[in-house]
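The values are calculated or read from the model by the stated rules, or taken from the named source; none is laboratory data. Only a predicted model underlies this, so the values are computations on that prediction, with no experimental measurement involved. Methodologically, a virtual Cβ is constructed for each residue, glycine included, from the backbone with ideal geometry; neighbour enumeration extends over all protein chains shown.
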Amino acid sequence: MSSSTQPNHAHLEAASEWFAVLSDKPVAEDDLRAWQTWLNEDEAHRKAWHQVESVGAIFSSFQSTQQSAGYVLEHSQAMSRRQLMKGMLGVTGVAVLGWVGWNETPLPTLASSWMADFHTQVGQVSHHDLEGGIQVWLNTNSAMNRSFGDHYHSVSLVAGEMMIQTQSAEGGQVFSAACRDGVINVGMDKARFCIRQLSDSETVLAVYEGAVSLTPLESDLAKTFQAGQEVTFTAHSMSNAKPASSLYDTWRNGLLIVEDMPLVDFIDEIGRYHYGYINLDSSVADLRVVGTFPNHNLSIVLSMLSKSFPIRVKHPLPWWVSISAA
């Protein structure tokens with residue numbers, strides 16, 4: 001047995017194939033012995049098996065109980081927030097997440113998302129008409145709260161991503177949007193902008209119409225950004241502005257537009273909209289992706305990638321996709 005090597009693409013692919021064999025009951029004695037031999041050959045084999053087994057356990061919970069994440073969220077309007085929390089945690093603490101970030105999201109964030117005023121599940125994009133002609137779109141696996149009074153309207157992004165469209169202010173009403181790392185204020189003119197909280201304690205603000213003012217949460221520095229500008233910020237600082245990417249604008253229309261994006265990043269991006277796991281071989285991770293893709297149809301996306309690049313796509317399990325060099 002080797003040292004504690006991390007499982008690579010080949011290990012994970014082999015583990016997924018063994019999982020498929022052992023899931024096909026009854027299992028032949030020869031297959032069982034061969035699997036045990038493979039498992040004991042290398043510590044990385046054990047880690048790969050554990051990873052595949054963990055993902056498989058999540059998806060078996062969808063099949064074994066009617067009260068899956070989707071079921072609970074679809075019926076959440078008829079449930080109290082306390083019931084919602086109890087139901088979701090009763091199924092699994094990771095059931096509402098897609099295939100990339102399910103094991104990286106802190107439990108407090110999960111809890112806050114489930115209890116928010118508005119939330120979406122994996123693959124869902126929702127649209128909300130709020131007071132004062134304000135429109136908000138919530139992207140996949142996102143959540144927000146709202147607050148309003150006679151002279152103010154505000155929304156707060158709890159998790160994920162939202163697009164906001166405001167109208168020209170009337171009667172001195174003030175609109176603001178808060179997130180984990182800062183506050184965005186809108187002036188009297190209408191504006192359209194997107195806020196996305198990244199998993200690495202950074203947030204992206206992209207402005208597509210009008211102008212907004214950004215103040216990081218732990219800084220007194222406020223800066224105005226115009227239509228066509230994009231900035232990445234933390235609670236303490238802001239990057240220099242750059243041209244706004246189409247990536248943060250077109251998802252509300254079901255499209256993922258990318259420009260020279262590494263395949264590994266593209267897989268992370270499309271994975272936000274789907275349950276499951278993609279095992280990407282590092283040998284093809286740096287291929288550059290350009291084009292327009294439907295973010296809710298994984299089969300079409302994988303077919304488009306296969307026609308554009310020398311890659312091989314396999315589906316050893318319904319919830320496991322393997323991509324390697326052709």
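From the list V72, V94, V100, V122, pick out the single residue that is buried (at least 19 other Cβ atoms within 10 Å of the Cβ), outside any helix (DSSP H, G or I) and modelled with pLDDT under 70.
After ruling out the rest, the residue left standing is V94.
Go through region 274-301 and give me each residue that's within 13 Å of L256 (Cβ to Cβ) and touching a residue at least 12 places away in the same chain (Cβ under 8 Å).
H274, V289, V290, G291, T292, F293, P294, N295, H296, L298, V301
Checking the structure you have, find out if any residue of region 209-220 is within 28 Å of G291 (Cα to Cα) and either exposed (fewer than 14 other Cβ atoms within 10 Å of the Cβ) or not assigned by TED's automatic domain parsing to the domain that holds L138 (or both).
no
Does D265 fit the bill of being surrounded by fewer than 16 Cβ atoms within 10 Å (Cβ to Cβ), in contact with a Lys or Arg (Cβ under 8 Å, 6 or more places away or on another chain) and either closer than 23 Å to C194 by Cβ or of a type in the set (V, I, T) (or both)?
So D265 fails the test.
Suppose we filter L305, L263 for residues that are touching an Asp or Glu at 6+ places or on another chain (Cβ under 8 Å) and not assigned by TED's automatic domain parsing to the domain that holds S142; which single one remains?
It is L263.
Would you confirm, using the coordinates I've provided, whether V289 is crowded, with 18+ Cβ neighbours inside 10 Å and not in a helix (DSSP H, G or I)?
So V289 fits the description; yes.
So which residues in region 151-167 are β-branched (V, I, T) and touching a Leu at 6+ places or on another chain (Cβ under 9 Å), if there are any at all?
V155
When you go through S303, S322 one by one, which is the residue that is among the small types (G, A, S) and in a helix (DSSP H, G or I)?
Exactly one residue qualifies, and that residue is S303.
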